[in-house]
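Here the structure is laid out as structure tokens; the discussion comes afterwards.
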Amino acid sequence: MTDAKAPRADAVRNRARLLEAAEAEFAQHGMDVSVADIAARARVGKGTVFRHFATKEELLAAVVLSRLDVLIADGERLAETSPAESALFDFMSLAASQQQDELSVLTNVDGVNDLLEGAQARLFGLMERLALQAQIAGALRDDVTGEDVALLICAPGHVAGFAPRADPELWRRYLAIIVDGLRPEGARPLATPPRNT
């Protein structure tokens, strides 16, 4: 016997298509995108959208949560399989590259953060783990926390966004500057203690 509560295969496919379409539409148009546009891109009706997600904000939260789940899984794999002196910086590069499609900005929309608290806590926990491993390996200055690193990941794309007619890869320049500042060589005392002390 099959579980009567298990979702039908077409419902699972429709949800996956909606998430993919919504990710592309939110990345291109921000929160101004309409549910009709998302439905059209996914090749489903608007009713199908609302059967899966009560509001556009709930759909956005699902998109961001899906992205965070993949990012966290990639980071956990790096923590397990990569040398400690490079795992943190490889993860920073991976995470910073995801900031380029503007989805990170959308996590600040009202109603979205409440649905993502668990994933964000897992991400910060992963950053603490990667930072500690890097410090033990001598690759990260001792006065930097995982939270510091998690917050800095957003900076390269944000800064590069201010440059007129910027090369799409300009964020990599600023990530390199940040990474060099995180290394122990030449580090000077920080002006204030970590936020969580």
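The values are calculated or read from the model by the stated rules, or taken from the named source; none is laboratory data. The shown structure was predicted, so the numbers you read here are calculated from the model rather than taken from an experiment. Virtual Cβ from ideal backbone geometry, glycine too; neighbours counted across all protein chains shown. Side chains included, ligands, DNA and RNA excluded: accessible areas come from the protein's heavy atoms. Shrake-Rupley method; radii C 1.70, N 1.55, O 1.52, S 1.80 Å.
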* Tell me, what HN-Hα J-couplings in whole Hz come from the Karplus equation 6.51 cos²θ - 1.76 cosθ + 1.60 at θ = phi - 60° for each residue of region 153-169, using x for Gly and Pro? -> 4, 6, 5, x, x, 5, 5, 4, x, 7, 7, x, 6, 6, 4, x, 9
* Asked: Per residue, how many Å² of accessible area does the chain show with a 1.4 Å probe?
  -> 58
* Relative contact order of the chain, pairs being alpha-carbon contacts under 8 Å that are 6 or more residues apart, as % -> 18
* To do: With a 1.4 Å probe and every protein chain kept in, tell me what percent of the accessible surface of the chain is carbon plus sulfur.
  => 54
* Under the Karplus relation 6.51 cos²θ - 1.76 cosθ + 1.60, θ = phi - 60°, what is the ordered set of whole-Hz ³J(HN,Hα) values for region 125-131, x standing for Gly and Pro? -> x, 4, 5, 4, 5, 5, 5
* Structure fact -> Computed over the chain: longest principal axis from alpha-carbon atoms vs helix 84-98 long axis, angle to nearest 10 degrees, is 40
* To do: Quickly work out the A163-to-D90 label distance, labels modelled 7 Å from Cα along the C-beta direction, and quote it in nm with one decimal.
  => 2.6
* To do: Please name which of A139, F162, A150 has its Cα lying farthest along the dipole of region 131-197 towards the positive end, using unit charges on Cβ (Lys, Arg +1; Asp, Glu -1) and the Cα centre as origin.
  => F162
* Structure fact -> By the Cα gyration tensor axes a ≥ b ≥ c (a/c under 1.5 gives rounded; else a/b larger than b/c gives prolate, otherwise oblate), the shape of region 1-76 is oblate
* **Accessible area (Å², 1.4 Å probe, nearest 10) - T48** => 20
* **Net dipole in debye of the chain [+1 Lys, Arg Cβ; -1 Asp, Glu Cβ; about Cα centre; nearest 20]** => 540
* Asked: Based on the Cβ-Cβ distance of R183 and C154, what FRET efficiency does E = 1/(1 + (r/R0)^6) give at R0 = 25 Å, to the nearest 0.05?
  -> 0.80
* From the coordinates shown, P(r) over Cα pairs in 10 Å bins from 0, in percent corresponds to which of (i) 9, 35, 41, 14, 1; (ii) 8, 29, 31, 20, 9, 2, 0; (iii) 9, 37, 37, 15, 1 -> (ii)
* Asked: Distance in nm between label sites at L190 and Q98, each 7 Å beyond Cα in the beta-carbon direction?
  -> 2.2
* Structure fact -> If one compares the long axis through the Cα atoms of helix 9-29 with the longest principal axis of the Cα atoms of the chain, the angle in degrees, nearest 10, works out at 60
* Asked: What 222 nm value per residue comes from the helices of the chain, counting each DSSP H run with n ≥ 4 as -39,500 (n - 2.57) and dividing by all residues, nearest 500 deg cm²/dmol?
  -> -21000 deg cm²/dmol
* Asked: Which sequence of E117, E76 reflects their accessible areas, 1.4 Å probe, from the largest down?
  -> E117, E76
* Hz values of 3J(HN,Hα) by residue in region 134-151 - Karplus curve (6.51, -1.76, 1.60), Gly and Pro given as x -> 5, 5, 4, 7, x, 9, 10, 4, 6, 9, 9, 9, x, 5, 3, 5, 4, 6
* Asked: Going highest first, how would you order 152-160, 181-189, 25-33 by mean Cβ packing within 10 Å?
  -> 152-160, 25-33, 181-189
